[in-house]
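Remarks on the structure that follows.
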Amino acid sequence: MKIDRLDHFVLTVASIDVTCEFYRRVLGFERQSLDGKPISLGFGRQKINVHQADRTFEPKARVPTPGAADFCLVTLDPIDAIVAHLGRCGVAIEKGPVERTGAVGPMTSVYFRDPDGNLIEVSRYQSDKS
């Protein structure tokens, strides 16, 4: 088996509306909804499916819990611009900017939390600097 890329993952949340508004306002994601399908947040060629804790879909994680996720998103924007944007959005930076090693090399990251307490890392690869 050879895996090419991540297509989507699921966040279990306390409130779909609060979560979707945060990801739209802070990260520019697009709320997507198709009849009978989970709400999702689209960005690039990926998406995050959003399940409300009291209304999940099958199959699902054994113990779907709001605030249990920790993931990294890659940006092409300068990290200083990300820090400034988070400040304008009133989002507290938990850590960073700090140097990290990602899947394909050195990166600079900032960490913050969404309304459920999920840890979001936004990183820029050092090789993407213009």
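The values are calculated or read from the model by the stated rules, or taken from the named source; none is laboratory data. The shown structure was predicted, so the numbers you read here are calculated from the model rather than taken from an experiment. Cβ placement follows ideal geometry from the backbone for every residue including glycine, while neighbour counts extend to all protein chains displayed.
Give the number of residues within region 64-81 that are within 30 Å of ASP128 (Cβ to Cβ), in contact (Cβ under 8 Å) with a residue 24 or more places away in the chain, more than 14 Å from the chain's Cα centre (by Cα) and surrounded by 11 or more Cβ atoms within 10 Å (Cβ to Cβ).
Number of matching residues: 3.
Enumerate the pairs (first residue in region 32-44 and at pLDDT 90 or above; second residue anywhere and in a loop (DSSP other than H, G, I, E, B)) with beta-carbon separation below 7 Å, excluding pairs fewer than 6 apart on the same chain, so at least 6 apart or on different chains.
ILE39/SER33; LEU41/PHE29; GLY42/PHE29; PHE43/PHE29
What tally of residues in region 104-130 results from selecting those that are hydroxyl-bearing (Ser, Thr, Tyr), in contact (Cβ under 8 Å) with a residue 24 or more places away in the chain and in contact with a Leu (Cβ under 8 Å, 6 or more places away or on another chain)?
Qualifying residue count, region 104-130: 1.
Condition check ((1) surrounded by 12 or more Cβ atoms within 10 Å (Cβ to Cβ); (2) touching a Cys at 6+ places or on another chain (Cβ under 7 Å); (3) farther than 24 Å from VAL122 by Cα) across all residues:
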position	(1), (2), (3)
GLY28	no, no, no
GLN32	yes, no, no
PRO38	yes, no, yes
LYS47	yes, no, no
ARG62	no, no, yes
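Check whether at least one residue in region 49-60 is surrounded by 11 or more Cβ atoms within 10 Å (Cβ to Cβ), under 28 Å from ASP4 (Cα atoms), among the basic types (Lys, Arg) and at pLDDT 95 or above, and report yes or no.
So far as region 49-60 goes, no, none of its residues is surrounded by 11 or more Cβ atoms within 10 Å (Cβ to Cβ), under 28 Å from ASP4 (Cα atoms), among the basic types (Lys, Arg) and at pLDDT 95 or above.
Which of the residues belonging to region 1-26 are surrounded by 12 or more Cβ atoms within 10 Å (Cβ to Cβ) and acidic (Asp, Glu)?
Matches in region 1-26: ASP17, GLU21.
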